[in-house]
Amino acid sequence: MKQIDFSVNGKAVRVEAEPDKPLLWVLREDLGLTGAKYGCGIAICGCCAVHLDGDAIRSCVTPVSRVEGKKVTTVEGLSTDLSHPVQRAWLEIQVPQCGYCQSGQMMSAACLLAQKANPTDADIDDAMSGNLCRCGTYPRIRRAIHRAAEIAAKGGR
Amino acid sequence: MISETKVSRRFFLSAAAAAGGGLLIGSGLEPELIGALAQTQAKDIPLNAWLRISADDVVTLISSQSEMGQGVMTTLPAVLAEELGADWSRVKIEFSPVAPAYANPRINWQFTGNSESTTAFFELLRQMGASAREMIVAAAAKRWGVKPEECYTDNGKVIHRPLGQLAGRSLKFGDVAEDAAKVTPPTSPKIKAESEWKLLGKPLPRVDLPSKLNGTAVFGMDFSLPGMVHAAVMQSPVHGGAVASFDKSSVMGMPGVIDVVPVPNGVAVVAGQYWQASQALKSLKVTFDDGPNAQVSANSLNAQYRAALGGNVWKTVKTEGKAVSGEAMAGQFAEVFSQEYESQFLAHATMEPMNCTAHTTDDGCTVWGPLQGPQLTQIVLASALKLPPEKVTIKRTLLGGGFGRRLIADLPLQAALISRAVGKPVKAVWSREEDMRHGLYRPATLHRITAGLDKAGNPEAIAHKLVSPSILQYVYAPAVTDDNDPSCLEGLMETHYAIPHQRVDFKLLKVGVPTSVLRTTGYGPNIFAVESFIDELAHKAKTDPYQFRRRLLKDERAIKVLDTVVEKSGWRRRAPKGAGRGLAITEAFRTHIAHIVELSVKNNIVKIHRIVCVIDCGVALDPEICKNSIEGGTVWGLGAAFKSNISFKDGRTVEANFNGFRIAQMDETPPIEVHIVNSGTKGMGGTGEVGPVTLIPAVANALFAATGKRYRSLPLSRHGLKLA
């Protein structure tokens with residue numbers, strides 16, 4: 001067990017954990033943040049995507065020791081009141097069906113939009129093809145990313 | 001998937017009786033808040049089993065159906081709210097317990113599946129909402145001393161406004177709820193006409209969405225109890241095998257490990273956290289007895305299917321006209337044409353792996369989980385734990401996908417037994433690998449279709465031979481006999497093509513791998529075969545595949561859907577150079593659906609340019625939810641057509657994660673248009689499963705149009721084809 005300090009959604013946290021325990025399970029089991037989901041455990045499905053210093057990463061294969069001193073953002077950190085442009089667009093387009101993958105989808109989308117304010121369809125293909133959705137909501141995710149770009153451009157954060 | 005046989009009805013009536021309890025009205029409910037637009041602490045007054053009204057005007061609507069993404073916890077409560085005249089911003093939704101009041105009225109059995117939540121509950125819920133409305137109106141009219149006919153409800157209020165008067169008076173629902181509850185429920189309340197609807201027929205804000213967007217939604221994996229421990233489960237890797245021995249000492253002492261517990265077909269490591277349990281499970285020394293299926297492989301299964309198709313053991317399940325068999329057609333028609341089609345094994349692969357939480361004590365058992373089959377779960381657990389059913393309480397979380405897999409109580413039973421063994425509440429989880437290797441798979445199928453044609457190439461006779469393992473065995477055993485399973489035959493028994501002589505022969509195959517219901521059930525493989533074959537006949541007759549189908553179809557709704565998809569897709573205009581278009585149509589789950597796919601192929605890379613889909617599900621109660629479902633089903637179909645495949649080796653499932661079992665992804669998803677035809681509330685259909693049904697043959701037919709090559713077996717990856 002090792003003491004590891006980092007920040008989650010703007011708050012400093014300290015956990016006692018095995019250094020190789022994946023960040024996903026530290027978030028879910030040690031910090032009680034269940035927005036990031038377990039889907040595959042091998043960085044294929046994207047349900048566990050969170051931001052590490054602004055980059056979208058797969059928390060299911062990221063040892064918690066790697067995040068020491070860094071900033072982690074989870075879906076809970078986008079906003080709790082659904083005010084983030086990605087959340088607003090997801091709600092407006094009614095993207096989710098079962099919703100299990102959508103935390104990861106939104107975190108990947110938020111990262112894309114932070115890097116490219118007005119992504120093309122090709123940009124969306126590149127950024128989002130590693131986030132699987134068994135319900136098949138991709139057409140709406142694509143629309144919602146374009147819509148989130150519009151909302152953000154109009155100053156909606 | 002379910003036919004209403006007398007035997008099954010009897011079984012479920014007795015099963016429901018065994019489940020105990022009379023009609024549950026209001027106070028018997030144990031609130032399980034699952035989604036809400038409104039909150040209240042005030043006292044709730046039940047008007048019937050489906051709705052309660054609080055003193056501060058919050059209307060609580062009961063969802064008997066599980067929410068697995070299909071939007072049912074929005075749409076069915078909206079039926080109640082519509083009839084009641086409720087303010088949608090002041091409702092909250094709860095899942096029902098297991099009780100006879102919440103059984104599917106069509107078969108008297110509580111489950112969520114078969115795309116029939118809306119079709120089975122729509123009329124009942126209209127009546128329950130209307131009944132409550134008339135009780136509220138009667139109570140208010142009495143208080144005002146006026147005639148009930150001069151009163152109506154709207155937006156959470158009951159209003160008195162006699163004919164001809166512009167202004168009226170009103171009371172809030174909460175003001176009259178207590179009096180309304182004392183009114184005798186009317187026996188035949190007046191149902192609103194579609195033209196009067198304010199909530200139905202248009203998109204509503206889904207009640208489950210806010211929580212799904214900020215991490216607060218509680219799926220089974222997210223459910224937690226004080227003092228809860230976690231179990232990681234390993235089952236015999238060979239289907240039908242069992243644990244021979246395990247060495248508890250190999251993991252005791254590892255971080256967090258509490259116990260190692262045998263479960264049916266496997267063993268579970270219990271620890272303080274799931275991560276600890278899953279790590280310890282990897283170190284557990286365990287041996288298995290492989291059982292009788294250790295030699296089962298893709299090759300052995302293929303040989304079994306082929307032997308059955310070539311054999312002479314058949315059950316003739318449909319005869320129309322002369323019902324001539326394929327073999328007997330020679331010489332009777334101008335020409336005889338025959339082809340074979342194959343669909344593959346598929347896994348449900350819900351994004352949320354299988355999991356369930358249980359707390360078993362001497363007094364009873366409570367489970368909390370992502371369940372499609374609450375009543376079956378209650379019966380299975382009561383039987384295994386030797387408890388009366390009323391001592392087994394079933395509570396539902398949101399489901400991270402279902403697709404039929406969560407109808408079965410295999411994991412809930414494991415959770416209950418583990419909890420009993422360790423004396424604590426336990427959440428049992430299958431890793432993704434465990435989940436995929438222990439699927440109850442959509443059975444692969446093998447078809448031979450033979451047609452007797454007239455001189456112009458029109459079919460006069462058709463004979464279909466189907467080889468398939470069981471679909472209903474685990475979810476509706478009474479409907480399955482030694483040689484028949486009605487779900488396997490869906491789409492073959494009720495075709496809308498007017499062909500005078502029809503025959504269907506079936507061979508129910510017993511295989512050494514588990515097979516069960518999966519989105520599209522029998523319709524998927526059968527319509528792939530039928531719609532591919534009809535397309536082949538059209539091309540053989542040198543007739544436009546649309547015109548060929550148009551002439552054979554007699555059903556008005558089917559014709560309207562076909563004409564609409566042709567119009568919306570621009571079918572009559574020539575396809576772009578190098579591209580081909582494919583069409584498929586059917587009725588499945590009571591919904592008429594057609595797809596047109598436009599694609600081109602270069603070096604085996606398939607570029608899909610556009611997909612147009614038209615459905616007629618009667619009335620789309622929430623058109624956005626229906627469209628999302630059909631879009632998603634279309635995407636699912638692309639995965640199933642091109643990529644998804646479960647195979648077997650040495651009795652084991654080969655594919656264990658999403659790197660082996662592939663599903664469609666964003667960059668493979670083309671523009672998809674969905675159009676809805678409204679044919680009225682008389683013929684309501686389901687939309688949860690139909691999406692993939694016509695998409696898959698439409699793809700195969702488009703591939704033929706584009707390349708001249710006919711693909712008759714799935715997935716298309718086996719022919720080297722890949723989505724661009």
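The values are calculated or read from the model by the stated rules, or taken from the named source; none is laboratory data. Quantities reported herein were computed from a predicted structural model and do not represent experimental measurements. Counting neighbours? That spans all protein chains shown, and the Cβs are built from the backbone with ideal geometry, glycine included.
Looking only at segment B:271-298, residues that are assigned to a helix (DSSP H, G or I), within 29 Å of B:T357 (Cα to Cα) and more than 11 Å from chain A (Cβ to nearest Cβ) come to 4 in all. With the condition kept exactly as written, say whether any residue in segment A:19-28 is surrounded by fewer than 18 Cβ atoms within 10 Å (Cβ to Cβ) and closer than 17 Å to B:W275 by Cβ. Looking for residues that are surrounded by fewer than 18 Cβ atoms within 10 Å (Cβ to Cβ) and closer than 17 Å to B:W275 by Cβ, one finds at least one in segment A:19-28, hence yes.
When each of A:C98, A:C60 is tested for being buried (at least 20 other Cβ atoms within 10 Å of the Cβ) and either at pLDDT below 95 or within 8 Å of chain B (Cβ to nearest Cβ) (or both), the lone residue that passes is A:C98.
Against the definition (modelled with pLDDT of 95 or more, crowded, with 23+ Cβ neighbours inside 10 Å, aliphatic (A, V, I, L, M) and in the same structural domain as B:L417 (by TED's automatic domain parsing)), how does B:A382 come out, yes or no? Criteria not met by B:A382.
Looking across segment B:630-680 at every residue that is among the hydroxyl-bearing types (S, T, Y) and within 21 Å of the chain's Cα centre (by Cα), the one that is nearest to the other protein chains (Cβ to nearest Cβ) is identified as B:T634. Restricting attention to segment B:188-240, the residues that are away from chain A (no Cβ under 14 Å), among the aromatic types (F, W, Y) and under 30 Å from B:Q279 (Cβ atoms) total 0. Screening B:G457, B:G400 for residues that are of a type outside the set (A, V, I, L, M), in contact (Cβ under 8 Å) with a residue 12 or more places away in the chain, in a loop (DSSP other than H, G, I, E, B) and farther than 30 Å from B:A529 by Cβ leaves exactly one candidate, B:G400. Against the condition assigned to a loop (DSSP other than H, G, I, E, B), more than 14 Å from chain A (Cβ to nearest Cβ) and under 30 Å from B:D208 (Cα atoms), how does B:V475 come out, does it pass? When the stated conditions are applied, B:V475 passes them. What about A:G41, is it facing chain B (nearest Cβ under 9 Å) and without any contact (Cβ under 8 Å) to a residue 12 or more places away in the chain? When the stated conditions are applied, A:G41 does not pass them.
Counting only strands (runs of 3 or more DSSP E) that fall entirely inside segment B:314-384 and contain at least 2 residues that are among the hydrophobic types (A, V, I, L, M, F, W, C), the qualifying elements are B:335-343, B:355-360, B:365-369.
The single residue among B:R652, B:R710 that is farther than 18 Å from B:V612 by Cβ, surrounded by fewer than 19 Cβ atoms within 10 Å (Cβ to Cβ) and in the same structural domain as B:D535 (by TED's automatic domain parsing) turns out to be B:R710. Checked against the criterion of being of a type in the set (D, E) and under 33 Å from the mean Cα position of the chain (by Cα), segment B:334-345 has at least one qualifying residue. If the condition is being assigned to a loop (DSSP other than H, G, I, E, B) and charged (D, E, K, R), then segment A:38-62 contributes only A:D53.
A quick yes/no check of all residues on (1) touching a strand residue (DSSP E or B) at 6+ places or on another chain (Cβ under 8 Å); (2) over 16 Å from B:F219 (Cα atoms):
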position: B:S383; (1), (2): no, yes
position: B:P388; (1), (2): no, yes
position: B:I394; (1), (2): yes, no
position: B:T397; (1), (2): yes, no
position: B:G401; (1), (2): no, no
position: B:R405; (1), (2): no, no
position: B:I418; (1), (2): yes, yes
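Taken as a whole, the condition of being surrounded by fewer than 24 Cβ atoms within 10 Å (Cβ to Cβ), more than 14 Å from chain A (Cβ to nearest Cβ) and touching a residue at least 24 places away in the same chain (Cβ under 8 Å) does not apply to B:I62. For segment B:427-448, the set of residues classified as within 14 Å of chain A (Cβ to nearest Cβ), of a type outside the set (D, E) and not in a strand (DSSP E or B) consists of B:W430, B:S431, B:R432, B:M436, B:R437, B:G439, listed by residue number. When A:D125 is tested against (1) over 23 Å from A:L24 (Cα atoms); (2) more than 7 Å from chain B (Cβ to nearest Cβ); (3) surrounded by fewer than 21 Cβ atoms within 10 Å (Cβ to Cβ), just one condition goes unmet, and that condition is (2). Close Cβ contacts (under 9 Å, 6 or more residues apart or on different chains) running from residues in segment A:79-92 that are within 8 Å of another protein chain (Cβ to nearest Cβ) to residues that are surrounded by fewer than 18 Cβ atoms within 10 Å (Cβ to Cβ) comprise A:S79/A:R157; A:T80/B:T216; A:Q87/A:S79; A:Q87/A:D81; A:W90/A:L82; A:L91/A:L82; A:L91/B:P205.
Take segment B:132-180 and flag every residue that is assigned to a helix (DSSP H, G or I), under 16 Å from B:L80 (Cα atoms) and basic (K, R). The answer is B:R133, and nothing else. Criterion applied to B:G331, B:G321 was being of a type outside the set (K, R), in contact (Cβ under 8 Å) with a residue 12 or more places away in the chain and surrounded by fewer than 21 Cβ atoms within 10 Å (Cβ to Cβ), and the one residue passing it is B:G321. For B:R106, the test of being surrounded by fewer than 22 Cβ atoms within 10 Å (Cβ to Cβ), under 30 Å from B:S487 (Cβ atoms) and at pLDDT below 95 is passed.
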